[in-house]
Amino acid sequence: MKQSDKNQIFRIPMGTSNAYLVANKGHVILIDAGMKKKEQKLIAALQRMNISPRDIKLIILTHVHYDHCGSLKALKDITKAQILVHKAEAECLTQGYCEVPQGTMWFSKALSFIGRTLAKKLVEYDPVTPDITISERFDLHEYGIDGYILPTPGHTAGSISVVIEDMHALVGDTLFHIVKHSVFPPYANDQEALLRSWKQLLEIGCEYFYPGHGKPFTREKFKKTYEKKR
């Protein structure tokens, strides 16, 4: 996977999901916060990179499910960073709970039902009050990063992606990379909105995609799935 020309992008496995660091000449942001009690994985990664936790000025949440917010409270306490979330999901974050989305495949439909009814406690996390809420494109140059945040609803109403140099897109669960021949997410509350978000990401011209689950992949793989689904 090609690195960004100006910004460095690092994938940090945080349980079953990924967090990502984006760094540019001492400016650092974090995208997502992984599962519960995984904050030390990020701290260890920062030590290897000679980055201080306090260098992180902004933590962006692609959405507020437990596997992306589990270690958020601990990381906010350590980094003192601002927390940014889409306005549609700010209340969920302050409550420490977001309902499991609808399944798009037979196995995920079953797991979604269990998560919504029998296992609600398992998807709770420590609540956090966000510092910044957005509902439209948000520029990141103030944080020293050549990029912006873009609403990409579908997986959830408040899902967002981070676009770096119009080339790299950190997409949370708008795209998954857990099976060989598809990047379609196993969970999405609005599949029509999801495909509109996909179209938008492709029209920007992004070449590399960094999902919340699985390894980064190229535009070619994304486009193949899009052509099958639209």
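The values are calculated or read from the model by the stated rules, or taken from the named source; none is laboratory data. Predicted model only: the values in this text are computed from it and were never measured. Methodologically, a virtual Cβ is constructed for each residue, glycine included, from the backbone with ideal geometry; neighbour enumeration extends over all protein chains shown.
Within region 105-155, the set of residues being more than 23 Å from Ala23 (Cα to Cα), assigned to a loop (DSSP other than H, G, I, E, B) and over 19 Å from the mean Cα position of the chain (by Cα) comprises Met105, Leu118, Ala119. I'd like the full set of residues that are assigned to a strand (DSSP E or B) and either under 16 Å from Trp106 (Cα atoms) or of a type in the set (S, T, N, Q) (or both), limited to region 162-194. Selection gives Val179, Ser182, Tyr187. Checking each residue in region 193-223 for being among the charged types (D, E, K, R) and in contact (Cβ under 8 Å) with a residue 24 or more places away in the chain picks out Arg196, Lys199, Glu207, Lys215, Lys221.
Identify all residues within region 47-67 that are in contact (Cβ under 8 Å) with a residue 24 or more places away in the chain and more than 13 Å from the chain's Cα centre (by Cα); write none if there are none. If you could, list the steps in order and put the result at the bottom.
At the first step, the residues of region 47-67 found to be in contact (Cβ under 8 Å) with a residue 24 or more places away in the chain are 49, 51, 53-67.
Residues satisfying the conditions are Met49, Ile51, Pro53, Arg54, Asp55, Ile56, Lys57, Leu58.
Counting only helices (runs of 4 or more DSSP H) that fall entirely inside region 1-95 and contain at least 1 residues that are at pLDDT 95 or above and β-branched (Val, Ile, Thr), the qualifying elements are 39-48, 72-79, 90-95.
Scanning region 68-81 for residues that are out of contact with any Phe, Trp or Tyr (no Cβ under 9 Å at 6 or more places or on another chain) and in contact (Cβ under 8 Å) with a residue 12 or more places away in the chain yields His68, Ala74, Leu75, Lys76, Ile78, Thr79, Lys80, Ala81.
Kindly indicate whether any position in region 108-126 is of a type in the set (Ser, Thr, Tyr), free of Cβ contacts under 8 Å to residues at least 24 places away in the same chain and farther than 14 Å from Asp32 by Cα.
We begin by selecting, within region 108-126, every residue of a type in the set (Ser, Thr, Tyr); these are 108, 112, 117, 125.
Pick out the ones that are also free of Cβ contacts under 8 Å to residues at least 24 places away in the same chain and you get 117.
Cutting the leftovers down to farther than 14 Å from Asp32 by Cα gives us 117.
Yes.
In this entry, Asp77 passes the filter for residues that are of a type in the set (Asp, Glu) and surrounded by fewer than 22 Cβ atoms within 10 Å (Cβ to Cβ).
Quick grid of which residues meet (1) under 19 Å from Ala88 (Cα atoms); (2) among the charged types (D, E, K, R):
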position	(1), (2)
Ala169	no, no
Leu175	no, no
Lys180	no, yes
Pro185	no, no
Gln191	yes, no
Leu194	yes, no
Phe209	no, no
Phe217	no, no
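Annotation note: of Leu150, Leu170, the sole residue that is crowded, with 22+ Cβ neighbours inside 10 Å, more than 16 Å from Pro101 (Cα to Cα) and touching a strand residue (DSSP E or B) at 6+ places or on another chain (Cβ under 8 Å) is Leu170.
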